[in-house]
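The values are calculated or read from the model by the stated rules, or taken from the named source; none is laboratory data. The structure displayed is predicted, hence computed values, not measured ones. Cβ placement follows ideal geometry from the backbone for every residue including glycine, while neighbour counts extend to all protein chains displayed. Areas reflect the complete protein model, heavy atoms only, side chains present, ligands, DNA and RNA absent. Shrake-Rupley method; radii C 1.70, N 1.55, O 1.52, S 1.80 Å.
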Amino acid sequence: MKFFIDTANLDQIKEAQDLGVLDGVTTNPSLMAKEGITGAENILNHYKKICEVVEGDVSAEVIATDFDGMVKEGEALAALHPQIVVKLPMIADGVKACKYFSDKGIKTNVTLVFSAGQALLAAKAGATYVSPFLGRLDDISTDGLNLVDEIRIIYDNYGFQTQILAASIRNTMHVINCAKIGADVMTGPLSSITGLLKHPLTDSGLAKFLEDYNKGN
Ligand code: G3P
């Protein structure tokens, strides 16, 4: 299972990278705005900075919602750095653009996926990644994990190579449950990764080991 961090915050990306478990980064316009990164030029520069910190794939989202606009923006994003994955919304023109980029060998991430049918379309269009938004489904009392499960079954039935990128992850249980279902990738905040470290028995066990070691010194 790959671990991506879902943020545009460079310090948090560095922290996850330093832990040695980071496989990539996902961003979106809201995450950029949260870090105060606005304006096309600043956003493009920020993507480059992210690529310099992390070794894996970095999803960069197009703003255009028409095919021609998405192709133009996506090509500019892909030209920024070899690690860039063009992130496209799950709308008709996004599916067309996904097919366009996959035919050209440019990696894609189809985002804002909320149904198995949408995920099937993304796979048919050759998406590298499909991003079902778990947390946002949970927010409206719909089981987000069930969607990941459905997509896993469908992709396995036909051997689709599109990787399931469980997105809108909010906590460690989301991560663990996605791992049990077989999501290829999870993307979440730093806390969903570092939270996996925590167990009180680890802390008390380590304290006791150190206490006993120091008895002889
Ligand atoms: O990766 C998708 C993500 O950015 C959305 O997360 O927490 O805003 O639903 P959230």
State whether the residues of the stretch 130-141 include one that is in contact with a Cys (Cβ under 8 Å, 6 or more places away or on another chain) and farther than 26 Å from residue 18 by Cα. yes
Against the condition more than 23 Å from residue 8 (Cβ to Cβ) and either touching a strand residue (DSSP E or B) at 6+ places or on another chain (Cβ under 6 Å) or within 13 Å of the ligand (Cβ to nearest atom) (or both), how does residue 151 come out, does it pass? yes
Going residue by residue through the stretch 158-170, is there one that turns out to be at negative phi, near the ligand (Cβ under 10 Å from one of its atoms) and hydroxyl-bearing (Ser, Thr, Tyr)? no
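For the stretch 152-217, which fully contained helices (runs of 4 or more DSSP H) count at least 3 residues that are modelled with pLDDT of 95 or more and open to solvent by 40 Å² or more (accessible area, probe 1.4 Å)?
On the way: elements: 172-181, 190-194, 200-215.
In the stretch 152-217, the matching helices (runs of 4 or more DSSP H) lie at 172-181, 200-215.
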Please name all residue pairs, on different chains or six or more residues apart, with Cβ atoms under 6 Å, provided the first residue is in the stretch 27-41 and is within 13 Å of the ligand (Cβ to nearest atom) and the second residue is in a helix (DSSP H, G or I) and of a type in the set (Val, Ile, Thr). 32/43
Failed item, numbered, when residue 12 is tested on (1) over 19 Å from residue 186 (Cα atoms); (2) surrounded by 18 or more Cβ atoms within 10 Å (Cβ to Cβ); (3) not charged (D, E, K, R): (1)
If I filter the stretch 101-123 for residues that are more than 16 Å from the chain's Cα centre (by Cα) and under 20 Å from residue 40 (Cβ atoms), do I get at least one hit? yes
Test: residue in the stretch 104-121 that is over 19 Å from residue 166 (Cα atoms) and touching a residue at least 12 places away in the same chain (Cβ under 8 Å): yes
Residue under question is residue 20, and the condition is that it be surrounded by fewer than 16 Cβ atoms within 10 Å (Cβ to Cβ) and either within 16 Å of the ligand (Cβ to nearest atom) or under 29 Å from residue 152 (Cβ atoms) (or both); does it hold? yes
